[in-house]
């Protein structure tokens, strides 16, 4: 979302006008409205958007902790008609440390492809194999993640109170 509110030659200033209308509405709305927005990199947002009075609170959503990873595995296995109780969710949660929810979901998908290719149902070994081959985005972008965590330490509320 970098550059929000800046005029772009190709849109004849439409982006700037829409952005201006949006931040004015955030400030002056009369009805009780709950607005939720996400940003992968909040440092790219203009200060006039994130100041108090427009958004009341800024939360930092870190990588999922052990309990959250276990639940993510359960959700994505069940979503694909697999019985979560047939899998060691604790072990999967341990082996998926530093993975995002999206990366865990893709591990389930990749494991299903592995099992399908082998002509058998999804097994724990398929998922562990996929995890062993996965390089987490948090590893590839570790410096950026640590900078974002440091930024959030003093500037945002944690979205979870449980430790990672």
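Just wondering, is there one or more residues in the stretch 62-71 that are over 25 Å from the mean Cα position of the chain (by Cα) and surrounded by fewer than 17 Cβ atoms within 10 Å (Cβ to Cβ)? Quick ask: steps written out before the conclusion?
Step one: filter the stretch 62-71 for residues over 25 Å from the mean Cα position of the chain (by Cα), giving none.
No, there is no match, as no residue in the stretch 62-71 is over 25 Å from the mean Cα position of the chain (by Cα) and surrounded by fewer than 17 Cβ atoms within 10 Å (Cβ to Cβ).
Output the helices (runs of 4 or more DSSP H) that fall wholly within the stretch 108-164 and possess 2 or more residues being closer than 21 Å to residue 50 by Cα, or say none.
Values: elements: 124-133, 137-140, 142-155.
Output list reads 142-155.
Go over the candidates 97, 117 one by one and state the one that is loosely packed, with under 14 Cβ neighbours inside 10 Å, outside the structural domain of residue 27 (by TED's automatic domain parsing) and farther than 30 Å from residue 22 by Cα. Write out each step before concluding.
Values: 97 fails: loosely packed, with under 14 Cβ neighbours inside 10 Å.
Answer to the check: 117.
Within the stretch 54-72, which residues are touching a residue at least 24 places away in the same chain (Cβ under 8 Å), touching a helix residue (DSSP H, G or I) at 6+ places or on another chain (Cβ under 6 Å) and either farther than 30 Å from residue 88 by Cα or assigned to a helix (DSSP H, G or I) (or both)?
54, 66, 69, 72
Does residue 77 qualify as being surrounded by 18 or more Cβ atoms within 10 Å (Cβ to Cβ) and under 30 Å from residue 133 (Cβ atoms)? I'd like the intermediate steps shown before the answer.
Working: surrounded by 18 or more Cβ atoms within 10 Å (Cβ to Cβ): yes; under 30 Å from residue 133 (Cβ atoms): yes.
So residue 77 fits the description; yes.
The values are calculated or read from the model by the stated rules, or taken from the named source; none is laboratory data. Since this is a predicted model, take the numbers as computed values, not measurements. Please note: Cβ atoms are built from the backbone with ideal geometry, for glycine as well, and neighbour counts cover all protein chains shown.
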